[in-house]
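One structure below.
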Amino acid sequence: MNVDTPPVCNYEGSDYQQSFWEKGGRAYEDAVEAIALRRLLPKGGARMLELGAGAGRNTHRYEGYEQIVLLDYSTTQLQQARERLGDSPKYKYIAADIYHLPFVSGLFDGATMIRTLHHMADARAALDQVRSVLQTGAIFILEYANKRNLKSILRYTFHRQAWNPFSPEPIEFADLNFDFHPLTVRAWLGLSKFAIQRTLTVSHFRVGFLKKIVPLKLLVWMDQVLQLTGEWWQLSPSIFLRTKAIGDTPAAQAGQFFKCPSCGAPLEDTPPQLVCSQCGLRFPVANGIYDFRLSEKQS
Ligand SMILES: C[S@@+](CC[C@H](N)C(=O)[O-])C[C@H]1O[C@@H](n2cnc3c(N)ncnc32)[C@H](O)[C@@H]1O
């Protein structure tokens, strides 16, 4: 099926969780992200959508929610998450494209998108999609990669980098990897009807030699303090925002959950296959994973 949609950065078959997080010397980044999430997450809620969940590195941090829906484009990432978290009514595993979410309007009262916006060639469209499945008042926590960080400013000043960290447009520094200007992201969030409640700057010391010579605990403690300066200036490579869905989107009716990601008709949850009564598309459920990826369909 030909779908008119931005390209997806495909993690199918990737050992990202192991190579990047577990064996990649990222204990500092993981610890400071955990602190930021603790600061921003509500105590609990009904249903949380984790967008770009990967192998579920962060999922245990959302335990206050009654149900957590892990969404990722890659089935192999979701399979790793499922091996880690198991099968229970608390978790649902969804293979889908963030640009074509398969949920009815107002289904979630919480959502996170961590280390995923940076793969979005059309971040504005992605944020609109996220907003469409949240009910008014829902909390959305967004992490994004900041192009106006101290390292890029210094590199630009000393002519070691051609692109301007102060210009508002995203910079694609590698194929389907984007850094964003903080003011641009804030403007997009406003247009998508999110009100920003809190800003934390995170990973200030993401520098190889510092991570080698400074004890991990000290580095994490210093970042924990500096995170709070995010309300005034943002010079770190990673930024966490706590936002609230505004506008007028009622909560989804009880019993409604999925919609067809192609035509938008409500879908009945009938594993091992969901069939759209309007356009006839079929969506398989295999190994505990719902597959709503339109590009996987035959033309
Ligand atoms: C860098 S990983 C982050 C995983 C996890 N959030 C974490 O912080 O450990 C980015 C994830 O986003 C997913 N992804 C990228 N583009 C996507 C899209 N258009 N729709 C759904 N998932 C996408 C990838 O498959 C990958 O698992």
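Every number here is computed from the coordinates shown, using simple stated rules; none is lab data. These numbers were taken from a predicted model, which means no experiment stands behind them. Cβ placement follows ideal geometry from the backbone for every residue including glycine, while neighbour counts extend to all protein chains displayed.
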Subject >> Which numbered condition Asp15 fails, given (1) in contact (Cβ under 8 Å) with a residue 24 or more places away in the chain; (2) more than 8 Å from the ligand (Cβ to nearest atom) >> reply: (1)
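The rows are residues; the columns are (1) over 24 Å from Leu127 (Cα atoms); (2) surrounded by 22 or more Cβ atoms within 10 Å (Cβ to Cβ).
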{"site": "Glu22", "(1), (2)": "yes, no"}
{"site": "Arg26", "(1), (2)": "yes, no"}
{"site": "Glu29", "(1), (2)": "yes, yes"}
{"site": "Glu33", "(1), (2)": "no, yes"}
{"site": "Arg57", "(1), (2)": "no, yes"}
{"site": "Leu70", "(1), (2)": "no, yes"}
{"site": "Thr76", "(1), (2)": "yes, no"}
{"site": "Arg82", "(1), (2)": "yes, no"}
Subject >> Qualifying residues in the stretch 103-127 (those that are among the aliphatic types (A, V, I, L, M) and in a helix (DSSP H, G or I)) - the one surrounded by the fewest Cβ atoms within 10 Å (Cβ to Cβ) >> reply: Ala125
Original post:
Got a sec? Which of Lys193, Lys147 is crowded, with 22+ Cβ neighbours inside 10 Å and more than 14 Å from the chain's Cα centre (by Cα)?
Top reply: Lys147
Original post:
When the stretch 277-299 is examined, which residues are found to be closer than 19 Å to Gln256 by Cβ and either over 27 Å from the mean Cα position of the chain (by Cα) or free of Cβ contacts under 8 Å to residues at least 12 places away in the same chain (or both)?
Top reply: Ser277, Gln278, Cys279
Original post:
Just one of the numbered conditions (1) without any contact (Cβ under 8 Å) to a residue 40 or more places away in the chain; (2) more than 9 Å from the ligand (Cβ to nearest atom) is not true of Leu71; which one?
Top reply: (2)
Original post:
So is Ser262 within 24 Å of the chain's Cα centre (by Cα), among the hydroxyl-bearing types (Ser, Thr, Tyr) and part of a loop (DSSP other than H, G, I, E, B) or not?
Top reply: yes
**OP:** Within the stretch 54-63, identify whether any single residue is among the acidic types (Asp, Glu), within 29 Å of Gly106 (Cβ to Cβ), touching a Gly at 6+ places or on another chain (Cβ under 8 Å) and more than 8 Å from the ligand (Cβ to nearest atom), and answer yes or no.
**Re:** no
**OP:** Output the number of residues of the stretch 27-37 satisfying the condition of being touching a helix residue (DSSP H, G or I) at 6+ places or on another chain (Cβ under 6 Å) and within 11 Å of the ligand (Cβ to nearest atom).
**Re:** 1
Original post:
Which number in (1) near the ligand (Cβ under 10 Å from one of its atoms); (2) aliphatic (A, V, I, L, M); (3) under 13 Å from the mean Cα position of the chain (by Cα); (4) more than 23 Å from Ser203 (Cβ to Cβ) marks the one condition that Ile94 misses?
Top reply: (3)
